[in-house]
Structures are given as C-alpha cells and as structure tokens.
1. Can you tell which of Arg213, Arg207, Arg218 is at pLDDT 95 or above and among the charged types (D, E, K, R)?
2. List the number of the failed condition for Trp277; all other conditions in (1) under 15 Å from Leu170 (Cα atoms); (2) touching a His at 6+ places or on another chain (Cβ under 9 Å) hold.
3. Sort out which residues of the range 149-207 are open to solvent by 60 Å² or more (accessible area, probe 1.4 Å), over 30 Å from Gly285 (Cβ atoms), polar (S, T, N, Q) and out of contact with any helix residue (DSSP H, G or I) (no Cβ under 8 Å at 6 or more places or on another chain), and write them in order of number.
4. When you go through Phe141, Phe107, Phe169 one by one, which is the residue that is touching a Gly at 6+ places or on another chain (Cβ under 6 Å) and either free of Cβ contacts under 8 Å to residues at least 60 places away in the same chain or of a type in the set (Phe, Trp, Tyr) (or both)?
5. Quick check: is even one residue across the range 82-102 in contact (Cβ under 8 Å) with a residue 12 or more places away in the chain, touching a Phe, Trp or Tyr at 6+ places or on another chain (Cβ under 9 Å), surrounded by 22 or more Cβ atoms within 10 Å (Cβ to Cβ) and of a type in the set (D, E, K, R)?
6. For Arg272, which of the numbered conditions (1) within 10 Å of the chain's Cα centre (by Cα); (2) surrounded by fewer than 22 Cβ atoms within 10 Å (Cβ to Cβ) fails to hold?
7. Tell me which residues, restricted to the range 340-362, are surrounded by fewer than 20 Cβ atoms within 10 Å (Cβ to Cβ), out of contact with any Asp or Glu (no Cβ under 8 Å at 6 or more places or on another chain) and without any contact (Cβ under 8 Å) to a residue 40 or more places away in the chain.
8. If the requirement is being in a loop (DSSP other than H, G, I, E, B) and of a type in the set (Val, Ile, Thr), which of these qualifies: Val309, Val355?
Amino acid sequence: MPSPPPRSPHEAPKSGRRESWIRRLADSHKDHPDREVVAGHHNINYVVPLGWSLALLLCTMPFRARVKCRMPRETVEVVPRIWPSETDLLRVVSRRLKEAPRCFRDFGDWSLHSYRAGQALSEIQPEGPVGEAMMRSLAGFFAKTAAVPEEELPPRPAGWPESGQSQEFLDWLIDFTETQVHRPNRWRFGDLFTAVGLRPDVMTAFRGAPDRRSLTPRPFGLLHTDVHRGNIIVGRRQVAVIDWELAMYGDPLHDLATHLVRMEYEKDEQTRMKELWTGAMVGAGHRDMAEGIAADLPVYLDFEYAQSVFPDIMRAALGLTALPGEPDNADYALAAARACRALRRAAEPLKLDEVPDARCAERALRDWYAGPFGRAGVKGGG
C-alpha cells in the first residue's frame with residue numbers, strides 16, 4: 001500500500017522584512033490574553049481579533065474580523081493524512097468553495113487561518129434531527145467538493161489508486177487501519193483489545209470476507225472525510241464546513257459514509273440524506289459518482305464502523321490517563337459506555353463472537369489503567 005507522506009511542512013516559510021513583521025504580529029496574536037480556545041482531536045485553535053496592523057500586512061479587511069491560530073496536537077494517529085500540508089489544500093479549496101476558510105500563513109509549527117463566524121452545529125443541535133434545510137445544504141457541499149478539479153489538487157502519495165479504482169481505494173483504507181492503526185498500537189492496547197473481544201486477525205478477516213463482492217468502479221473526487229456536527233459552522237447566511245486536514249482524493253461514497261456515521265442521523269434522516277446526496281450529485285453532473293450506491297454504500301458503512309472501533313476504544317482508555325486525578329466510578333462507567341457503543345456498531349462488520357456488556361468493558365479498562373501502559377506507565381515516563 002502507498003505510504004502516507006510525512007506530516008512535517010514541505011515548503012520553507014516565506015522570508016523578507018514584511019514577512020518578519022507578519023510573523024512577529026502573528027506570534028503576539030497567538031498569545032493574546034483574551035483568546036478563545038477551540039480544541040479538537042487533531043488541532044488546538046486560538047481564536048483572536050485580527051487587528052489593523054496584521055490585517056493591512058495580510059491585505060485583508062480588519063472590520064470585526066477574527067483569525068484562528070491553528071496548532072497541531074500530538075495524538076495517536078488513527079486516520080490517514082495523504083497530504084502533509086493543509087495549507088496547500090486550502091489554497092485550492094478556498095478558491096472553489098468561497099465559504100471555506102483561508103490559510104493566511106503557514107509558519108511550519110502552526111498556521112494562521114481566517115475564522116468562520118457562526119456556531120458549530122454541535123452547539124445548536126448536538127444530537128437528533130437536523131432538518132431538511134441543513135441536509136440540503138450539506139448535500140450541496142458534497143457536490144461542490146466533488147467538482148474541484150483533480151489537476152488543481154496537491155500530488156497524492158506514490159502508488160495511490162487511480163480514479164475509478166474503487167475497490168483498490170477501499171483496500172487501501174483497510175490496509176491503513178490494519179498496518180497504521182491496529183497493529184502498531186497493539187503493543188500498548190493489545191490486552192485491552194483482547195479483553196473486549198477484538199481478535200488480532202479481525203481486520204484481515206474483514207478484508208478477506210468471502211461474501212463481499214467487488215465495488216462498482218466510480219470516478220474519484222476530493223473528499224473531506226470528516227463532515228460531522230463539530231465541523232459544520234452555521235452562520236447567518238450560509239453553512240460552512242471547516243477542518244480539511246483529513247481530506248483525500250477517492251471514492252465519493254466514502255465521504256458520504258463517514259458523514260452518515262459521524263452525524264449520527266436517525267434512521268429516517270439517514271435515508272433522506274442518501275436521497276439528497278444522490279440528487280445533488282446527479283444535478284451537478286456527477287451521476288457516475290453515485291453508481292452502485294445501493295450495493296456499495298453499506299460496504300463503506302461497514303468499514304467505517306469497523307475502523308472506528310480502534311480509535312474509539314483507545315481514546316476511551318487514554319481519556320482515563322488524561323484526568324487530573326484517579327478516575328472514579330463515573331469516569332470508568334463513561335469510558336466503558338463509549339467502548340461498548342463502538343463494539344456494538346462494529347460487531348456485525350467484524351463478525352465479533354461476543355460484545356461485552358458494560359461491566360466487562362469497565363473491568364477491562366480498569367485492568368488496562370492499572371497496568372504498565374495506563375496511568376502507571378504515564379507516571380513512570382512510559
């Protein structure tokens with residue numbers, strides 16, 4: 001399988017007196033005492049006022065504007081990043097999707113982005129139905145994203161599947177989950193995985209399932225791959241999707257599947273979103289991107305449930321080590337509930353023999369926490 005490119009920046013920072021002033025002012029913005037902190041799995045963002053001086057140097061309007069100082073977090077790598085620079089991608093996306101954020105400068109260790117005013121959908125509607133208007137907006141977003149020309153996108157890794165090679169694309173995703181997520185983390189989480197019923201061969205068995213037919217070939221397009229309620233910003237006039245660091249080029253059904261799972265739509269809205277997505281694709285001239293959806297979307301949904309079981313369980317466990325003190329019963333109960341939910345959703349795709357109940361999952365998490373890779377390992381520097 002092709003290797004994802006390194007995450008380190010691949011272009012040198014801009015130089016010159018003007019750029020030195022921009023960097024100096026940007027650094028002072030990053031440390032603004034009234035900054036708003038917005039943290040996610042992959043980045044920490046500081047939202048601060050833009051100010052006249054920096055706005056003039058960046059050739060943008062300062063009126064009531066804010067900017068986002070975006071810093072990558074050290075985290076367990078659980079999702080593929082085929083492009084090392086979100087900046088390069090945003091340069092293309094912000095030209096084609098006017099509501100997308102701009103990257104003003106990439107300083108290497110952090111970057112300065114425009115800030116999209118509004119509220120995250122996760123704040124307005126954290127769960128439950130989102131409504132027809134919202135789903136229509138999102139269906140339109142997917143159609144516009146798929147229309148971004150391939151030739152404008154940054155280069156893909158060597159050996160990346162060609163447009164139309166949908167089965168090879170899915171196989172790449174499965175291989176990434178096995179070789180970059182599951183297997184490398186088994187040294188630390190292997191006992192926990194085993195205790196909750198995840199066999200060492202569970203992903204290889206998923207790929208080799210004899211009852212799974214090959215996918216229908218579909219043209220590839222730009223995929224966001226992380227359209228969930230926290231990344232959807234609702235403004236007064238439009239809906240914007242932010243956080244493009246996990247974008248890739250591939251089968252559009254993968255983008256729809258990740259969206260359906262991570263939005264946690266109720267059954268009727270999930271069905272309606274499929275209809276709206278298909279209608280938006282056909283209306284935008286991408287009928288061939290929706291070919292085979294009835295047979296192939298369930299395969300991508302199965303994969304999404306299967307791959308997410310590993311990061312969900314690891315995050316549940318690592319959340320216990322991140323607490324300021326020892327976890328209490330409620331902390332363990334919450335972590336066990338998260339693990340059980342992930343296991344229930346993955347049970348059928350991964351053909352799990354048994355899904356543990358909350359008591360069994362809690363016992364497994366307590367044992368892991370007390371072992372060499374839990375809090376004891378953190379205290380010991382491991």
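1. Matching residue, one of Arg213, Arg207, Arg218: Arg218.
2. (1)
3. Once the filter is applied, which keeps residues that are open to solvent by 60 Å² or more (accessible area, probe 1.4 Å), over 30 Å from Gly285 (Cβ atoms), polar (S, T, N, Q) and out of contact with any helix residue (DSSP H, G or I) (no Cβ under 8 Å at 6 or more places or on another chain), the range 149-207 yields Gln180, Thr194.
4. Phe169
5. Yes, because at least one residue in the range 82-102 is in contact (Cβ under 8 Å) with a residue 12 or more places away in the chain, touching a Phe, Trp or Tyr at 6+ places or on another chain (Cβ under 9 Å), surrounded by 22 or more Cβ atoms within 10 Å (Cβ to Cβ) and of a type in the set (D, E, K, R).
6. (1)
7. Arg344, Ala347, Asp357, Ala358, Arg359
8. Val355
The values are calculated or read from the model by the stated rules, or taken from the named source; none is laboratory data. What you see is a predicted model, and the numbers here were worked out from it, not measured in a lab. Methodologically, a virtual Cβ is constructed for each residue, glycine included, from the backbone with ideal geometry; neighbour enumeration extends over all protein chains shown. SASA here: full protein model, heavy atoms, side chains in, ligands and nucleic acids out. Shrake-Rupley method; radii C 1.70, N 1.55, O 1.52, S 1.80 Å.
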